[in-house]
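What follows is calculated from the coordinates using simple rules that are stated; it is not laboratory data. Just so you know, these numbers come straight off a predicted model, no measurement behind them. Methodologically, a virtual Cβ is constructed for each residue, glycine included, from the backbone with ideal geometry; neighbour enumeration extends over all protein chains shown.
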Amino acid sequence: MPETTHPTQQDEGLRRARTLPEPSYAAQLITAFADQLDVLRPTATLTHRTLGVALAIAAARTLGALPTAVQGAAASRALTTLPQLAIGERITCGEYAIRLRAAAQEV
């Protein structure tokens, strides 16, 4: 079979995928945070405790292997972009996870 000089659609798709930028550490942390909320209790009402547990797990998994300075910078950047809730607003963990994923795209 003769060699082609034109890449196949799959080859072109892989080449383009390799050129996409990696998400920042802050975006990765926010996305992992959303994933943890979905894993823990997506239909439960969001609480401070659930937030803390999910964020701690996400930070350990996402930033744990990085130098301390990088961990701090990524965590600070992520925390400043977290969606705020209105006073008295009650939502589920799954709803907040959706908001987190939207925020991760902006980081």
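What number of residues in segment 61-75 are among the hydroxyl-bearing types (Ser, Thr, Tyr) and more than 13 Å from residue 33 (Cα to Cα)?
Total satisfying the criteria: 1.
Please give the number of the condition residue 91 fails out of (1) in contact with a Ser or Thr (Cβ under 9 Å, 6 or more places away or on another chain); (2) closer than 28 Å to residue 22 by Cβ.
Every condition holds for residue 91 apart from (2).
So which residues in segment 39-92 are surrounded by fewer than 10 Cβ atoms within 10 Å (Cβ to Cβ) and in a helix (DSSP H, G or I), if there are any at all?
Scanning segment 39-92 gives 48, 49, 68, 69, 80.
Is it true that residue 31 is in contact (Cβ under 8 Å) with a residue 24 or more places away in the chain and part of a helix (DSSP H, G or I)?
yes
Restricting the search to segment 77-95, which residues are under 16 Å from residue 27 (Cβ atoms) and in contact (Cβ under 8 Å) with a residue 12 or more places away in the chain?
77, 78, 81, 82, 83
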